[in-house]
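Note sheet for the following structure.
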Amino acid sequence: MRLKAGVRPHGLAPEIMLGISICHQIFLARGLELVITSLVDGKHSVGSLHYVGHAADFRTRNIEPEDVQTIAQECRDNLGDDYDFVVEKNHYHLEFQPKKEY
């Protein structure tokens, strides 16, 4: 796993760190490097969970196009309901967003 140059890991919630770790294991099992392209940095929509340390973006250009959706589904299956894992145009987006209060 590595951070793209300029990515700032400050202020991350433990829950997003756990989600990143789970995804990292899935990438490793496939012989892929997990490259984090954004955390609390970058430009995102107003109210984005990136700004509060609850979201991460991962590179997809190192993944064969036919495997992008399969890997996304494997991540979803392992993350559980408190996470969203979305395939964007040129990256994966992971966010911790519980559906209910505990």
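The values are calculated or read from the model by the stated rules, or taken from the named source; none is laboratory data. A quick note: this is a predicted structure, and the numbers were derived from the prediction, not measured. Note that each Cβ is placed from the backbone with ideal geometry, even for glycine, and that neighbours are counted across all protein chains shown.
Residues that are farther than 19 Å from Gly31 by Cα, aromatic (Phe, Trp, Tyr) and at pLDDT below 95: does region 51-58 have at least one?
The answer is yes, given that some residue of region 51-58 is farther than 19 Å from Gly31 by Cα, aromatic (Phe, Trp, Tyr) and at pLDDT below 95.
Pairs please, first residue from region 61-86 and assigned to a helix (DSSP H, G or I), second anywhere and aromatic (Phe, Trp, Tyr), Cβ atoms under 7 Å, 6+ apart in sequence or on different chains.
Ala72/Phe85; Ala72/Tyr92; Cys75/Phe85; Arg76/Phe85; Leu79/Phe85
Counting just the residues of region 81-92 that are under 22 Å from Leu32 (Cα atoms) and out of contact with any helix residue (DSSP H, G or I) (no Cβ under 9 Å at 6 or more places or on another chain), which one comes out surrounded by the fewest Cβ atoms within 10 Å (Cβ to Cβ)? Before you say what the answer is, go through the steps one by one.
Going through region 81-92, the residues under 22 Å from Leu32 (Cα atoms) turn out to be 83-92.
Retained after the next criterion (residues that are out of contact with any helix residue (DSSP H, G or I) (no Cβ under 9 Å at 6 or more places or on another chain)): 88-91.
Numbers: Glu88: 10, Lys89: 5, Asn90: 10, His91: 18.
Top of the filtered list is Lys89.
For region 25-55, what are the residues that are assigned to a helix (DSSP H, G or I) and buried (at least 17 other Cβ atoms within 10 Å of the Cβ)?
Correct list: Ile26, Phe27, Leu49, His50.
Which of the residues belonging to region 43-67 are farther than 16 Å from Leu12 by Cβ and under 13 Å from the mean Cα position of the chain (by Cα)?
Of the residues in region 43-67, the ones farther than 16 Å from Leu12 by Cβ are 43, 45-47, 59-67.
Result: Arg59, Thr60.
Does region 83-102 hold any residues that are at pLDDT 95 or above and either touching a Leu at 6+ places or on another chain (Cβ under 6 Å) or over 20 Å from Ser45 (Cβ atoms) (or both), and which are they?
Phe85, Glu95
Looking at region 10-27, I want the residues that are within 16 Å of His93 (Cβ to Cβ) and have a partner that is β-branched (Val, Ile, Thr) and assigned to a helix (DSSP H, G or I) with Cβ atoms under 7 Å, at least 6 apart or on another chain. Which pairs are those?
Pairs that qualify, where the first residue is within 16 Å of His93 (Cβ to Cβ) and the partner is β-branched (Val, Ile, Thr) and assigned to a helix (DSSP H, G or I), are Ile26/Ile71.
Determine if region 6-17 includes at least one residue that is in contact with a Ser or Thr (Cβ under 9 Å, 6 or more places away or on another chain) and surrounded by 15 or more Cβ atoms within 10 Å (Cβ to Cβ).
Yes, region 6-17 contains a residue that is in contact with a Ser or Thr (Cβ under 9 Å, 6 or more places away or on another chain) and surrounded by 15 or more Cβ atoms within 10 Å (Cβ to Cβ).
Go through (1) modelled with pLDDT of 95 or more; (2) touching a strand residue (DSSP E or B) at 6+ places or on another chain (Cβ under 8 Å) for Gln73 and report which single condition fails.
Against the list (1) modelled with pLDDT of 95 or more; (2) touching a strand residue (DSSP E or B) at 6+ places or on another chain (Cβ under 8 Å), Gln73 comes up short only on (2).
For Arg61, work out the one condition from (1) under 25 Å from Lys100 (Cβ atoms); (2) surrounded by fewer than 12 Cβ atoms within 10 Å (Cβ to Cβ) it doesn't fulfil.
Result: Arg61 fails condition (1) only.
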